[in-house]
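Undergrad: First the structure, then my questions, so here it is.
Only the coordinates and a few stated rules stand behind these numbers; no lab work does. Since the structure is predicted, the reported quantities are computational estimates derived from the model, not experimental observations. Positions of Cβ are backbone-derived with ideal geometry, glycine not excepted, and every protein chain shown enters the neighbour counts.
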Amino acid sequence: MNPNVDVFVVGGGPAGLAASIELRTRGFSVTVADGARPPVDKACGEGLMPETVASLRRLGISFDLNDGFPLRGIRFISAGVSVTANFSSGPGIGIRRTVLHSKMAAHAEEIGVQFMWDSPVTRISRGAVQIRDKSFSTDCIVGADGSGSRVRRWSGLEDSTTRQSPRYAFRSHFGLAPWSEYVEVYWAEDAQAYVTPVANEEICVVVLSEKSAMRNDVIAIKFPDLAARLINAKVLGAERGAVTRTHRLKRIYKDDVVLVGDASGAVDAITGEGLNLSFQHAIALADCLPSRNLSEYEKIHRQLELRPLVTGYLLSLLGRQRFLRKRTIGAFMNEPALFARFLDLHLGYTSRAQAFSAAVRLGWHFAAS
């Protein structure tokens, strides 16, 4: 292991791997350290939107039919009513987080990224990273160690501009053939359930709520339509939980430390945008680091987070407001193309004029109801 590297990435999850791949592709020597061993898992919905798949292809990550399950779009289900919208830019993919991590780590290793697994970073200082009793010198430290980032805290970047109340996500896998090619979102009064096909005989279910007690055992009460689907399904593995919240930072770099992924601020998991946002951070950082123009990286970072922040707020509002949810889903039922337009808006495929037009149409449906 070379103790002197251009970039030392702290955190070997998807954000850290994406940053290491992009930076290595630009010619930097890169080392990644993580306290876990691969494949690294995390409680998440495991559905990759089309633009996330496109970002992964740019990173050199490709998928075949055995890796996951193709996704055609999104379906909302509330009070026995459902509306569906297809992705306009091609399919997404449902894929186990461990499969995704393994593919990313293998590609990073192939192109020359050095790894230190089972090696928790214990301290950072100017130009150095400490792992147990060894110090590694580096020109740049990339903090990719998640929403509870120690790198962020150690470097004095903890101060935030926005920090919303936490929401709780609990994920389980079921041995069951998918009944559709859509990510299905079931809405209840104080929780949502996300169903994502991830293989020919497996689905992922995540319950998301502001209440920590809303685990997957509430499905029978909160989501009877979903419970009927799962009644004879075998639970695969243990339930995993995570905390999600919207979190914006005042600064995302200081001296030789720069942050990416959830360490640099997070959007609510309800958006499904966390992974793609991390990949976009990696691309932007790799564009700016050769010239050491980290202020430009920070500017791009601010622009990238605006759309998912707005989407997260609106979706959270739907979850909290029954009246608003009923009117919105009713509007989508009356004009299915409107739901598709809002899905394109969420994915960044519409112009401001198209977004304004969609908002006007939704307002018209509200007024006509």
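Undergrad: Put one equal scatterer on each alpha carbon of the range 146-256, apply the Debye formula with no solvent term, and list log10 I(q)/I(0) at q = 0.10 1/Å to two decimals.
TA: -0.40
Undergrad: Still on this structure, please answer the following. Using the Cα centre as the reference, give the magnitude of the dipole from point charges on the C-beta atoms of the chain (Lys, Arg: +1; Asp, Glu: -1; all else neutral), rounded to the nearest 20 debye.
TA: Dipole magnitude for the chain comes out near 920 debye.
Undergrad: So, with +1 on the Cβ of K and R and -1 on the Cβ of D and E, and no other charges, what is the size of the charge dipole of the range 322-368 about its Cα centre, to the nearest 20 debye?
TA: 220
Undergrad: Eigenvalues of the Cα gyration tensor times 5, then square-rooted: what semi-axes does that give for the range 3-103, in whole angstrom, largest first?
TA: They are 32, 15, 11 Å, listed from largest to smallest.
Undergrad: Between GLU201 and ASN4, what length in nm is gained on full extension when 0.36 nm per residue of separation is reduced by their alpha carbon distance?
TA: 66.3 nm
Undergrad: What percent antiparallel are the DSSP beta bridges of the chain, to the nearest 5?
TA: The antiparallel fraction comes to roughly 70 percent.
Undergrad: Using only Cα atoms and rounding to the nearest 10 degrees, what angle (0 to 90) does helix 322-334 make with the longest principal axis of the chain?
TA: 80
Undergrad: Then there is this: Kindly state, as a whole number, the per residue volume in cubic angstrom of the convex hull around the alpha carbon atoms of the chain.
TA: Each residue corresponds to 130 Å³ of Cα convex hull volume.
Undergrad: May I ask for the equivalent-ellipsoid semi-axes of the range 322-368, computed as the square root of five times each C-alpha gyration tensor eigenvalue and listed largest first in whole Å?
TA: Rounded to whole Å, the semi-axes are 18, 11, 9.
Undergrad: Let me ask something else about it. About the Cα centre of the range 5-91, what is the dipole size in debye to 20, counting +1 per Lys and Arg Cβ and -1 per Asp and Glu Cβ, all else neutral?
TA: The calculated dipole for the range 5-91 is roughly 160 debye.
Undergrad: Here is a further query. At 1.567 mPa s and 4 °C, plugging the Kirkwood radius over alpha-carbon pairs of the range 298-341 into Stokes-Einstein gives what diffusion coefficient in µm²/s?
TA: The diffusion coefficient I find is 108 µm²/s.
Undergrad: While we're looking at this one, here's another question. Counting only helical runs of four or more DSSP H residues, what would the 222 nm mean residue ellipticity of the chain come to if each run contributes -39,500 (n - 2.57) and the total is spread over all its residues?
TA: Dividing the helical sum by the residues of the chain leaves -11500 deg cm²/dmol.
Undergrad: Using a 10 Å cut-off on Cβ atoms, rank the peptides 147-154, 40-47 from the highest mean neighbour count down.
TA: 40-47, 147-154
Undergrad: Follow-up. Could you name the aspartates and glutamates whose alpha carbon sits less than 12 Å from that of LYS250, not counting residues in the same chain fewer than 8 places away?
TA: Of all the aspartates and glutamates, those that pass the test against LYS250 - Cα under 12 Å, at least 8 places apart if same chain - are GLU158, ASP159, GLU298.
Undergrad: Which of VAL257, LEU289, VAL243 sits closest to the plus end of the dipole of the chain, meaning its Cα is farthest towards the positive end, when Lys and Arg get +1 and Asp and Glu get -1 on the C-beta?
TA: Of VAL257, LEU289, VAL243, it is VAL243.
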